[in-house]
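Below you'll find the structure, written out as structure tokens, and then a few comments.
The values are calculated or read from the model by the stated rules, or taken from the named source; none is laboratory data. Since the model is a prediction, treat every value here as computed from it, not as a measurement. We place every Cβ from the backbone using ideal geometry, glycine too, and count neighbours over all the protein chains shown.
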Amino acid sequence: MKTLFPAVALGCALAIPMLASAQTDSGADPVTRAEVRADLARLEQAGYQSRATEANYPADIQAAEAKVAANQIASASTQAPGVGSVGGVAPGSTESGSRAIDMNPPTPAQ
């Protein structure tokens, strides 16, 4: 019993830093203050009021996010076909390989 309490206390003391470090998201890039302000500006342009009553908070911000997403999709669709889409390439923007060589040259006229 005398050794159980110090062992439990030591185990808890060692576990606390591991739990604290598990809360950080090390895989994602950190968001800067400027990016957060730009996102808030886009939401406010879409009709979200950050100082409105909190009773409608989830619905208000979700509606504003949907408008922002729709605007981004609409602006992406006005670009040239294939530009900005996954795997898309604008016509004539890239070429691969080399010039084709004619393997059957014309025969001289006789």
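Do the conditions hold for ALA59, that is, is it exposed (fewer than 10 other Cβ atoms within 10 Å of the Cβ), among the small types (Gly, Ala, Ser) and either assigned to a helix (DSSP H, G or I) or modelled with pLDDT of 75 or more (or both)? For ALA59, the condition - exposed (fewer than 10 other Cβ atoms within 10 Å of the Cβ), among the small types (Gly, Ala, Ser) and either assigned to a helix (DSSP H, G or I) or modelled with pLDDT of 75 or more (or both) - is met. For THR24, the conditions (1) at pLDDT below 70; (2) of a type in the set (Val, Ile, Thr); (3) part of a helix (DSSP H, G or I) are fulfilled apart from (3).
For the range 63-98, the set of residues classified as surrounded by 11 or more Cβ atoms within 10 Å (Cβ to Cβ) and either at pLDDT 60 or above or not in a loop (DSSP other than H, G, I, E, B) (or both) consists of ALA63, ALA64, GLU65, ALA66, LYS67, VAL68, ALA69, ALA70, ASN71, GLN72, ALA76, GLN79, listed by residue number. Could you tell me whether GLY47 is in contact with a helix residue (DSSP H, G or I) (Cβ under 7 Å, 6 or more places away or on another chain), in a loop (DSSP other than H, G, I, E, B) and modelled with pLDDT of 75 or more? For GLY47, the condition - in contact with a helix residue (DSSP H, G or I) (Cβ under 7 Å, 6 or more places away or on another chain), in a loop (DSSP other than H, G, I, E, B) and modelled with pLDDT of 75 or more - is met.
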